[in-house]
1. Residues in segment 65-76: is at least one under 16 Å from the mean Cα position of the chain (by Cα), assigned to a helix (DSSP H, G or I) and among the β-branched types (Val, Ile, Thr)?
2. Somewhere in segment 111-131, is a residue surrounded by fewer than 14 Cβ atoms within 10 Å (Cβ to Cβ), farther than 18 Å from Leu42 by Cβ, acidic (Asp, Glu) and modelled with pLDDT under 95?
3. Is it the case that Ala28 is surrounded by 13 or more Cβ atoms within 10 Å (Cβ to Cβ) and either over 16 Å from the mean Cα position of the chain (by Cα) or among the basic types (Lys, Arg) (or both)?
4. Exactly one condition in (1) farther than 16 Å from Ile130 by Cβ; (2) among the hydrophobic types (A, V, I, L, M, F, W, C); (3) surrounded by 11 or more Cβ atoms within 10 Å (Cβ to Cβ); (4) out of contact with any strand residue (DSSP E or B) (no Cβ under 6 Å at 6 or more places or on another chain) is not met by Ala36; state its number.
5. Which number in (1) under 15 Å from Ser7 (Cβ atoms); (2) in contact with a strand residue (DSSP E or B) (Cβ under 6 Å, 6 or more places away or on another chain); (3) not basic (Lys, Arg) marks the one condition that Gly97 misses?
6. Are any residues in segment 120-133 in contact with a strand residue (DSSP E or B) (Cβ under 7 Å, 6 or more places away or on another chain), over 11 Å from Ile5 (Cα atoms) and not aliphatic (A, V, I, L, M), and if so, which ones?
7. Scan segment 15-52 residue by residue and report those that are of a type in the set (Gly, Ala, Ser) and over 24 Å from Phe74 (Cα atoms).
8. Of all residues in segment 115-133, how many are closer than 12 Å to Asp100 by Cα and among the aliphatic types (A, V, I, L, M)?
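The values are calculated or read from the model by the stated rules, or taken from the named source; none is laboratory data. The shown structure was predicted, so the numbers you read here are calculated from the model rather than taken from an experiment. FYI the Cβ positions are ideal-geometry reconstructions off the backbone, even for glycines, and counts take in every protein chain you see.
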Amino acid sequence: MARLIDSSVLIAAGRGHVSLDDITARYADEGVAISAVTASELLHGVHRAKTAAQREGREAFVEGLLGQVPVAPFDLAPPRIHAALWAELASRGLSIGERDLMIGATAIAQDSAVVTRDERIFPKIPGVRIERL
């Protein structure tokens, strides 16, 4: 089973709180990836940088990551799962951010666990396996 690394882990890695090399080594046998949605979140962070130096640092980290870690697409299978999850949660009166729900749907479609530091959101998504880091 592969591991889908969430942006919460990658942001921590970009800030030096965790080692991306350690994470990829830890899951080397199963493989790691990020979702297309996570790639977008990280690229958004590059564009939101307040200074040129911050932007350059973020861009170097993100582009290095994108060159090293495969990106799981949000093609037809994840949207089908996303729509079913969204409807199920809405019927129970629960609302989860659409990007997190898309990441969860991608993990289910890829038969992957989400590696995350997020203790609040992913546990609420039915069928998503979580590994906290």
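1. no
2. Start the filter on segment 111-131 by keeping residues that are surrounded by fewer than 14 Cβ atoms within 10 Å (Cβ to Cβ), which leaves 111, 119-120, 123, 126-127.
Next cut, farther than 18 Å from Leu42 by Cβ only: 111, 119-120, 123, 126-127.
Applying the additional criterion that residues be acidic (Asp, Glu) yields 111, 119.
From what is left, the residues that are modelled with pLDDT under 95 are 119.
Scanning segment 111-131 turns up at least one residue that is surrounded by fewer than 14 Cβ atoms within 10 Å (Cβ to Cβ), farther than 18 Å from Leu42 by Cβ, acidic (Asp, Glu) and modelled with pLDDT under 95.
3. Details: surrounded by 13 or more Cβ atoms within 10 Å (Cβ to Cβ): no; either over 16 Å from the mean Cα position of the chain (by Cα) or among the basic types (Lys, Arg) (or both): yes.
No; evaluated as a whole, the condition is false for this residue.
4. Among (1) farther than 16 Å from Ile130 by Cβ; (2) among the hydrophobic types (A, V, I, L, M, F, W, C); (3) surrounded by 11 or more Cβ atoms within 10 Å (Cβ to Cβ); (4) out of contact with any strand residue (DSSP E or B) (no Cβ under 6 Å at 6 or more places or on another chain), the lone unmet condition for Ala36 is (4).
5. (2)
6. Step one: filter segment 120-133 for residues in contact with a strand residue (DSSP E or B) (Cβ under 7 Å, 6 or more places away or on another chain), giving 122-123, 128-133.
Remaining after also requiring over 11 Å from Ile5 (Cα atoms): 122-123, 128-129.
Across segment 120-133, the qualifying residues are Phe122, Pro123, Arg129.
7. Gly16, Ser19, Ala25, Ala49, Ala52
8. From segment 115-133, those closer than 12 Å to Asp100 by Cα are 116, 118, 120-125, 128; that's our starting set.
When the remaining residues are screened for being among the aliphatic types (A, V, I, L, M), the result is 121, 125, 128.
Count: 3.
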